[in-house]
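This report refers to the structure that appears directly beneath it.
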Protein chains: 2
Amino acid sequence: MKHMLTVVKAGGRLVEDDDARRAVLDLLLRFEGPLVFVHGGGAMASALSRRLGIEPRMHQGRRITDAESLQVAVMVYAGWMNKRLVAELQARRRPAIGLSGADLDLIRCRRRPVGEVDWGFVGDIEAVQVEALQPLLGAGITPVVCAITHDGRGQLLNTNADTIAAAMATAFRQTTPLPVRLVYLLDRPGVLRNAEDDRSIVPLLSPADYEALNDSGAIHTGMRPKLHNAFAALQAGVDEVWLGNPDSIAAGRATRLVQSVTASTAAP
Amino acid sequence: MKHMLTVVKAGGRLVEDDDARRAVLDLLLRFEGPLVFVHGGGAMASALSRRLGIEPRMHQGRRITDAESLQVAVMVYAGWMNKRLVAELQARRRPAIGLSGADLDLIRCRRRPVGEVDWGFVGDIEAVQVEALQPLLGAGITPVVCAITHDGRGQLLNTNADTIAAAMATAFRQTTPLPVRLVYLLDRPGVLRNAEDDRSIVPLLSPADYEALNDSGAIHTGMRPKLHNAFAALQAGVDEVWLGNPDSIAAGRATRLVQSVTASTAAP
């Protein structure tokens, strides 16, 4: 693959199921050039919350984070998921380092103001300091970043991993000379015209196509914030934005976002 | 304080209780020169295990780590304790990064062979690569290291935090030109001649003194592995080894280990 700086994001079953995670890690090793891996891990946090008698609360597909849920999220994301991924990358001879947004003051957030919904300890990104990662990337080390951030005053916060990946890709675009690629890994091989048919991948998706697909009901609710983040990164100058599963990404058969579908981008 | 590389270790109530942790963090800021902070956090792991219906098993004051206990240890040590400490250091304007032994392949262990006791997922240290920390230390960043390690083949392991601190101090002594100081923070102001009397601090403790105190019953069981590690670090060339609480360490009134009590070391 072309020499670029790549930010890959995966969550859910892709980082929790052993076979799926193996495919994700194998894909990571295929990218040449500096690599950052951003991960979620929501199902395990929900399961642990339930075992502890804390009922997870969601609003429009996003988690509401009270003090106990924050503790669970930090333990699961920054603890178990993050360190297991790091150990598994090391086992593949890929030097790696697990980070939260508090480490190196990487991602500073402010707690989301209480409006219609009190999101609890959820952080909206204020500043991403990817410069702190340059010495690590320069030494061939892969940062593994979890969806925990901080407010700079000692409070840990929970931030959506898709948003973190887009913000990091955008920040790299603004601070490094390398082109930047952002990859969202999904269970499905791409954005599909027909949710029932894995072969109906949309190869190039423009904002106009997306609106049309959305109106037709082809985009399910959980995908909307992800695509919102993905298009925001593209608008902000990220050079390539892809959505797919490890197989379709490796084969270049996934969905690539474009500003508009023109002759030059539509040609293979 | 003299310009040295300092490794400070704290665990238990010192990192769990909010007031005690504040005193520990304030102490950390007083050391000049490169600083590494190693932490445990046992009581919270035991409490979480109990809430999950996993009864913690101990042998001679050390934890036996089955698969579920390992997961709890990783979540608590590498997750909640580690990231909270990092966020609280950042809030004090001290750049910090939280690490396990898997990150940067910092501490590689082998799973302890099954003998009289099956310790489970407990790692005995094989290699400490403190060289990986030099760029961070050189940039004024404080690594915060938890008691989770790995075997290099993808398995996370639990390793005693006192042992990690001693091994890291020893590895720094062998790889940096700076003198190295190792500080074990305790609840008590030092090693005491009389456990009932906080004023009975032993200012200088030699191996011979330690044996005599141990025979007299003044050293309680939990302190023995710590003192074993502390003396091992001193024998291995670590320049200063101190034991005390944040107040006594800050005041220089804590216990300092010495090879033997001679006129030169006994004089103030």
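So here's what we get for this one:
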{"quantity": "Whole-Å distance, taken between Cα centres, linking the range A:176-226 and the range B:47-85", "calculated": "41 Å"}
{"quantity": "Three semi-axes of the equivalent ellipsoid, the range B:1-102, Cα gyration tensor, whole Å, largest first", "calculated": "28, 13, 13"}
{"quantity": "Note, ³J(HN,Hα) from phi for the range A:14-30, Karplus 6.51, -1.76, 1.60, rounded to Hz, x at Gly and Pro", "calculated": "4, 10, 9, 6, 4, 5, 4, 5, 4, 5, 5, 5, 4, 4, 4, 5, 7"}
{"quantity": "Pairs from A:Lys9/B:Lys83; B:Lys9/B:Lys226; A:Lys9/A:Lys83; A:Lys83/B:Lys83; A:Lys83/B:Lys226 whose Cα-Cα separation, in the structure shown, is over 19 Å", "calculated": "A:Lys9/B:Lys83; A:Lys83/B:Lys226"}
{"quantity": "Candidates A:Ala96, A:Ala169, A:Ala127: whichever shows maximal mean-square fluctuation once chain A is modelled as a Gaussian network with Cα springs under 10 Å", "calculated": "A:Ala127"}
{"quantity": "Anisotropy class of the range A:5-266 from Cα gyration tensor, a/c 1.5 cut", "calculated": "rounded"}
{"quantity": "For the B-to-A rotation axis, chain B residue with nearest beta carbon and its distance in angstrom", "calculated": "B:Gly79, 1"}
{"quantity": "Residue mean of other protein chain beta carbons inside 10 Å, A:87-93", "calculated": "6"}
{"quantity": "Taking chain A and dividing mean pair separation by its residue count, relative contact order in percent (alpha carbons under 8 Å, at least six apart)", "calculated": "20 percent"}
{"quantity": "Sorted peptide list for A:55-68, B:7-20, criterion being average Cβ within 10 angstrom, highest first", "calculated": "B:7-20, A:55-68"}
{"quantity": "Amide H partners (placed H, <5 Å) of A:Leu99, local residues excluded", "calculated": "A:Val144, A:Val145, A:Cys146"}
{"quantity": "Residue-wise HN-Hα coupling along the range B:94-104, computed from phi with Karplus coefficients 6.51, -1.76, 1.60 (Hz; x: Gly, Pro)", "calculated": "9, x, 9, 9, x, 9, 10, x, 6, 5, 6"}
{"quantity": "Prolate/oblate/rounded call for the range A:81-133, Cα gyration tensor, a/c under 1.5 rounded", "calculated": "oblate"}
{"quantity": "Value at 222 nm in deg cm²/dmol, rounded to 500, when DSSP H runs of n ≥ 4 in chain B each add -39,500 (n - 2.57)", "calculated": "-9500 deg cm²/dmol"}
{"quantity": "Built amide H within the under 5 Å cut-off of B:Ser206, gap 5+", "calculated": "B:Val258"}
{"quantity": "Per-pair calculated FRET efficiency, R0 = 35 Å: A:Asn194 and A:Arg30 via Cβ, rounded to 0.05", "calculated": "0.75"}
{"quantity": "Three-way shape label, the range A:184-268, alpha-carbon gyration tensor, a/c 1.5", "calculated": "rounded"}
{"quantity": "DSSP bridge pairs, the protein assembly as shown: antiparallel proportion in percent, nearest 5", "calculated": "35 percent"}
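Readers should treat all values here as calculations from the given coordinates under stated rules, not as data from a laboratory. Nothing here was measured: the structure is a model prediction, and the numbers come from that model. Reconstructed Cβ throughout: ideal geometry from the backbone, glycine too, with neighbour counts over all protein chains shown.
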